[in-house]
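Below is one structure, written out as structure tokens, with a few remarks after it.
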Amino acid sequence: MTSSTDFSPAPDEADLTPRVSRLNRYARPLAAVAALFVFAAVGYAIYKLTEEVTYADVVNGLRATSSGSIALAIVFTALSFATLCLYDINALAYIERRRPWAEVALTAFSAYAVGNVAGFGALSGGAIRYRAYSRAGLSPEDIGRVIAFVTVSFSLGLVLITALALLPVSGAIAPLVGVSQNWLVGGDLALLAVLTVLLIAASGKGVMIAGRRLRLADSRTMSRQFLVTVLDIAFSASVLYALLPAGADINWPTFFAVYAVAIGLGVISHVPAGIGVFETVMVAALGSHLGTEAVLASLVAYRLIYYVLPLIVAIILVTIAELRQLAATPFSAGVARTAGRLAPTLLATLALVLGVMLVLSSVTPAPDANLDTLAQVLPLPVVEGAHFLASILGLLLVIIARGLAQRLDGAWWSAISVALAALVLSLAKAVAIYEAALLMLLLVGLVSSRRLFQRPASLLQALNATWLLTVGVLLFGAIAVLLFVYRDVQYSHDLWWQFEFSAEAPRSLRAVLGLTILSMAISLFSLLRPATFAMPPAGEADLEKAISILDTHDVADANLVRTGDKSVMISPDGKAFLMYARQGRSFIAFLDPVGPKASCDELVWQFVETARAAGCRAVFYQASPVLLPAIADAGMKAFKLGELALVDLAHFDLKGGRWASLRQTATRAERDGLSFEILPAEQIPTILDQLRHVSDTWLDHHRAREKGFSLGAFTDAYMKAQPVAILRCEGRIVAFANILLTATKDEASIDLMRFSPDAPKGSMDFLFVRLMSELRDQGYRHFNLGMAPLSGLSRRQVAPVWDRIANTFYEHGERFYNFKGLRAFKAKFHPDWHPRYLAVAGGLNPVLALLDATLLIGGGLKGVVKK
């Protein structure tokens, strides 16, 4: 099952009421709080369901698992992941962008290994696919279609399988969700009916769901994808089935039905990896048949084999590729290229898993034999300190995982330091060989991938709602495990002060206290947003550096940095710059960063992190398609803003029928006595007063005021910076335009275009014609006419909401801005049209960001109202 490419953003921002607007603004935090409550509820449910089970029972159950069962579970895990790779292979075949199978297999395997363990934000299958496939040459649109194909295929298949599986096991599931069996069966049948109607409707023209159009592929593709989903869930169910104790009194079909329902409820809960929810359903449904302690032991083994083992395998494969630098053949080069893109996310996920492992091991007892060994080697204070500090380092490793996913150099150094310390402490607290081995694997992976972590952004960033949820789930999970393991220990205040090698409960209690304090500190730091502050304009040194950079690149509009009303951010290597300003809670960058691509990509991250540190949203205004991969990699979305008109001067010629109108205008202007001239920058001071008179007259006549940010303002320093094109009539200057140039001569543009009210009709057309002709003769290749706002957006019925709203303004907003007139004026010069985007986070942020950009350009609300 798959959808077409018609996925449109929602909701319709134009119709949102203030209450709904606020709800959307806080949707993620509210969802995180709800997920945390769900996790707490299922944790309590598990605690009640396991009242007759002890920690020792679970450990004995794990030890009783035979090597044959483990080997069979590993085989089914391999089959399940091989099946999962078919999602990506089929998706690429469907969009006709096939890639070598080794690249696809490594990408898909890594995506599912990470998605199973974490499944959110930067640690998600979608993020991994984007990083890998963008390096392989796929466009953002193609990658979006692959992700949509995979997501919709799995989601619809899982819903259908869960609904079908729920029917035979409704009696066991009904008490868990608090409804009667009849109501549950009735609701399930209704869901199946709705799903059937949906599949039929979506197979035709498609159906709108929550503002998005879903259109499924042909029946053959749908059937193939449904078969893949069935095989995937069947193999993953067989992993757990193989780990059940020998002689389990349950047949595979019944077990499969329970498993499918548990997986479905785990996904719906939005708890990372469905942790707790999945276990609750399985224990409730199977505990009475197989024994609660046996089910719990099987579930622990299942999590390790199906979730942790594939992640370790993926990291080993990527690390080997990084160490060998496979580039001898096109085949191996593709694998190495893919590995380089996947390594940071895989290592981040491993860091997350190891952090969780360190935390949970701090609330579970160490084997008695290990403690006896430590008692002979280390003094008690060292063991106590190691146990407490290891738990703290575990939580820090979870936080550092976020920075590793973003490839921050500070996160790399922090991960190296914490992993080294944790490795030593894991041996000092319990001789935990397996923990130490996995920490060593993380260290090897980090060292081999050092070159991938070069971003200098600060690691001390406030956590978003998803990561705060992760910290909350980890803390609640640690408390739940503590209560389960030591449920037979009577609590007293004296426990806090008991220090003995055998005093495991007091040691775990102190570890939880440390985790709670640190978690609260991290949460308060993240929730108490810093106050915004005024951004100072660029200093002389930064301006000089930016000007020297732009002069060696092709973006003529980058000369707007000379206005001095924007701040400048220089890349760490000093080879690129970005100009930006702040309005409200928006940090708004104008144009793409200017400089080499690698430096520009780093500037995107530097800018985004700077905005987040100030408690603001990062916005890119008039971003080009070239910047879209870096924008998406930083977790932002692009919304089409309009189209930029670029004239190819090599083909600019007034001969021929298509140029007849401009040719007649130029002839009439010369007959009216207009003359054209380009004055170099050094001659501007001699005519500056005349230019100022024309400018002031033009502003008064149009009842306008000076703008800013993406438009220049008439100041002496700005006007004297570059050449100016002028028109004279009877020796008097009646029109002018300042010219924006770079030394590469690839592109030229203009900014201020002003004329006297008494200038002959068609003066500006004549100025453009003569200016482009002169620049063409000087060897310039393109002339940038600027952007036509809100033009060129999709007008199809299935167009995104953003496009539909923008088209409404374009068609009916002439009272506020001459959208059509500006497009028509630029079209007279027969330019090529290039899309430009507003890049920002999703939800209502695009609307708010565009409003802030408008206020910034207009000089505040008063400036916008007064034009």
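Laid out as a table, the results:
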quantity	calculated
Residue pairs meeting the criteria (Cβ under 9 Å; at least 6 apart or on separate chains; first over 27 Å from residue 53 (Cβ atoms), in region 488-499; second exposed (fewer than 10 other Cβ atoms within 10 Å of the Cβ) and at pLDDT 80 or above)	499/381
Residues satisfying the stated conditions in region 631-654, i.e. open to solvent by less than 10 Å² (accessible area, probe 1.4 Å), over 27 Å from residue 830 (Cβ atoms) and in contact with a helix residue (DSSP H, G or I) (Cβ under 6 Å, 6 or more places away or on another chain)	634
Test: residue in region 574-593 that is surrounded by fewer than 15 Cβ atoms within 10 Å (Cβ to Cβ), more than 25 Å from residue 640 (Cβ to Cβ) and modelled with pLDDT of 85 or more	yes
Test: residue 383 is at pLDDT below 85 and part of a helix (DSSP H, G or I)	no
Residue pairs meeting the criteria (Cβ under 7 Å; at least 6 apart or on separate chains; first closer than 16 Å to residue 634 by Cβ, in region 582-606; second aromatic (Phe, Trp, Tyr) and open to solvent by 30 Å² or more (accessible area, probe 1.4 Å))	none
Qualifying residue in region 180-189 (condition: of a type in the set (Ser, Thr, Tyr) and either open to solvent by 30 Å² or more (accessible area, probe 1.4 Å) or at pLDDT 80 or above (or both))	yes
Residue ID - surrounded by the most Cβ atoms within 10 Å (Cβ to Cβ), chosen from residues in region 72-110 that are among the polar types (S, T, N, Q) and under 25 Å from the mean Cα position of the chain (by Cα)	110
Selection status of residue 235, of a type outside the set (Val, Ile, Thr), open to solvent by 10 Å² or more (accessible area, probe 1.4 Å) and under 13 Å from residue 162 (Cβ atoms)	no
Breaking point among (1) modelled with pLDDT of 85 or more; (2) within 27 Å of residue 831 (Cα to Cα), for residue 673	(2)
Check on residue 300, at pLDDT 80 or above and either open to solvent by 10 Å² or more (accessible area, probe 1.4 Å) or touching a Lys or Arg at 6+ places or on another chain (Cβ under 6 Å) (or both)	yes
Odd one out for residue 553, checked against (1) of a type outside the set (Lys, Arg); (2) in a helix (DSSP H, G or I); (3) surrounded by fewer than 21 Cβ atoms within 10 Å (Cβ to Cβ)	(2)
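The values are calculated or read from the model by the stated rules, or taken from the named source; none is laboratory data. Treat the numbers as computed from the prediction; the structure is a model and nothing was measured. As a convention, Cβ positions derive from the backbone with ideal geometry for all residues, glycine included, and neighbour counts pool all protein chains shown. What goes into the accessible areas is simple: the full protein's heavy atoms, side chains included, and nothing from ligands, DNA or RNA. Shrake-Rupley method; radii C 1.70, N 1.55, O 1.52, S 1.80 Å.
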